[in-house]
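S.K.: Starting off with a structure, shown below.
The numbers here are math on the coordinates, done by the rules we state, and not lab data. Quick caveat, the model's predicted, so the values are computed rather than measured. Cβ atoms come from the backbone with ideal geometry, glycine included; neighbour counts cover every protein chain shown.
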């Protein structure tokens, strides 16, 4: 009972290869994000360089995991063409929501603004 029951419980709780690779990839991406924050707050150039090397290793690991998952058909990023179409559609929708043309009330000109002090006939006037 004990030997066979322990084995069946252990195999039932195992992660698939897909789940393991996906978990590793997400962990490496999170680790890279943490390294990014550490680099920005490093107190010395030597510490910063060390963290950047660790982050580069993490990027290499993610790339290796990406290739392994892609070869197995488990990780399929969107094609660039479709991604570009979605981005253009989102930009068009945003432009329709907010009038971003040069004639809109939200447009900013680079001309002189009517603010500050102006000297007129020797007196300061606030505009």
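S.K.: Give me the Debye-computed log₁₀ of I(q)/I(0) at q = 0.15, 0.18, 0.25 Å⁻¹ for the stretch 14-78, equal point scatterers on Cα only, no solvent, two decimals.
M.R.: After summing over all Cα pairs, the log10 values are -0.53, -0.68, -0.98.
S.K.: Defining a contact as two alpha carbons under 8 Å apart and six or more residues distant in sequence, what relative contact order in percent does the stretch 14-78 show?
M.R.: 38
S.K.: Taking the simple approach of a point 7 Å from Cα along Cα-to-Cβ for both residue 40 and residue 87, what is their distance in nm?
M.R.: Calculated label separation equals 2.2 nm.
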